[in-house]
Amino acid sequence: MTDVDVPESHPRYESLLLRHRIEAGVEKGITSEQGLIAQGRGEAFDYLLGERTIPSADAAERAAAAHLLRAERPVISVNGNVAALAPGETVELAEATGADLEVNLFNRTEERMEHIAAHLREHGAEEVLGLEADGRVPGLDHERATVDADGIGRADVVVVPLEDGDRAEALAEIGKTEIVVDLNPLSRSARSATVPVVDNIVRALPNVTDHARELADADAAELDAVVEAFDPEAALAAAEAAIRGQR
Ligand code: PTJ
């Protein structure tokens, strides 16, 4: 048994552990209540995918690592679900790629912004952006448009996990290279991404970090080749086929 009252031998142990993290996130004021619904949606897709990183997701994770290493100003956007599910993994990815961390919420409140920033600092983050709120993403209504001018505002590559479709599209529209992590290959977020990663955030982030460490000494030509070899449409089609059992 662990801090969660579920025996490790339970066949749904991993999935119950993630539910527990989201519930705890709501209790701590990190995750929104809508985050519970988002988790349920993700869980259903993950179940159909076989709760594994499929080969096309691994290729996307390698391409994501190459994009982050090539970037001049990479930023990882953190919402209430990401902070609850994978705070340490998020901080590690930022360290491995030189990316900044920015709290960016769909249901934005100052209190949740601060709780999430503090939670990331507890997990080793040195600087957490998002609280300046002096930039805007055009084409979105008030709260959801708010970003840091010095963070997502001027980023060239943004990691947007578990993002709402509108905002993912708006970021793509202003020319950001978007790495979207979303278990639903049919979502507008995944479809507007330069690199759609159809994998659970708890597997995706550590795997991008592993690829980034492996590629740390790669030269620009090698990174370019990894980026160019990745085909987002083929990756989305492979994920959909895996979900439909056509693998
Ligand atoms: O913390 P906030 O206020 O920014 O709100 C965050 C949520 C997630 C509530 C908000 O962005 C939202 O409502 O998102 P959606 O529109 O429900 O989309 C979430 C997407 O993430 C869905 O397509 C889910 O399938 C997917 N998803 C959920 N859990 C995971 C996931 N993808 C990867 N890993 C997961 N663990």
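What's the number of the condition residue 170 fails, among (1) farther than 26 Å from residue 45 by Cβ; (2) aliphatic (A, V, I, L, M); (3) in contact (Cβ under 8 Å) with a residue 12 or more places away in the chain?
(1)
Just to be sure before I move on: is residue 61 of a type outside the set (A, V, I, L, M), over 22 Å from residue 147 (Cα atoms) and away from the ligand (no atom under 12 Å from the Cβ) in the structure I sent?
Yes.
Could you tell me which residue of the stretch 166-198 is farthest from residue 152 (Cα to Cα), considering only residues that are small (Gly, Ala, Ser) and part of a loop (DSSP other than H, G, I, E, B)?
187
Only one of 155, 145, 172 is surrounded by fewer than 22 Cβ atoms within 10 Å (Cβ to Cβ) and more than 14 Å from the ligand (Cβ to nearest atom); which?
172
Taking the stretch 1-30 on its own, how many of its residues are farther than 20 Å from residue 184 by Cα, touching a Leu at 6+ places or on another chain (Cβ under 9 Å) and surrounded by 13 or more Cβ atoms within 10 Å (Cβ to Cβ)?
6
Take the stretch 79-126 and flag every residue that is in a strand (DSSP E or B) and away from the ligand (no atom under 13 Å from the Cβ).
Across the stretch 79-126, the qualifying residues are 100, 101.
Could you look through the stretch 233-247, keep only residues that are part of a helix (DSSP H, G or I) and in contact with a helix residue (DSSP H, G or I) (Cβ under 8 Å, 6 or more places away or on another chain), and pick out the one that is surrounded by the fewest Cβ atoms within 10 Å (Cβ to Cβ)?
234
Residue under question is residue 35, and the condition is that it be more than 17 Å from the chain's Cα centre (by Cα) and either more than 30 Å from residue 244 (Cα to Cα) or assigned to a helix (DSSP H, G or I) (or both); does it hold?
Judged against the criteria, residue 35 is not a match.
Conditions tested, residue by residue: (1) at pLDDT below 95; (2) closer than 22 Å to residue 234 by Cβ; (3) touching a strand residue (DSSP E or B) at 6+ places or on another chain (Cβ under 9 Å).
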site: 155; (1), (2), (3): no, no, yes
site: 160; (1), (2), (3): no, yes, yes
site: 168; (1), (2), (3): yes, yes, yes
site: 171; (1), (2), (3): yes, no, yes
site: 182; (1), (2), (3): no, yes, yes
site: 196; (1), (2), (3): no, yes, yes
site: 200; (1), (2), (3): no, yes, yes
site: 203; (1), (2), (3): no, yes, no
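Among the residues of the stretch 39-58, count how many are closer than 17 Å to residue 196 by Cβ and within 12 Å of the ligand (Cβ to nearest atom).
8
Conditions: (1) of a type outside the set (Phe, Trp, Tyr); (2) surrounded by 24 or more Cβ atoms within 10 Å (Cβ to Cβ); (3) in a helix (DSSP H, G or I). Residue 58 meets all but one. Number of the miss?
(2)
Conditions: (1) over 14 Å from the mean Cα position of the chain (by Cα); (2) surrounded by fewer than 22 Cβ atoms within 10 Å (Cβ to Cβ). Residue 194 meets all but one. Number of the miss?
With (1) over 14 Å from the mean Cα position of the chain (by Cα); (2) surrounded by fewer than 22 Cβ atoms within 10 Å (Cβ to Cβ) applied to residue 194, the lone miss is (1).
The values are calculated or read from the model by the stated rules, or taken from the named source; none is laboratory data. Just so we're clear, the structure is a prediction, and the values are computed from it rather than from any experiment. Every residue, glycine among them, receives a Cβ derived from its backbone with ideal geometry; neighbour counts consider all protein chains shown.
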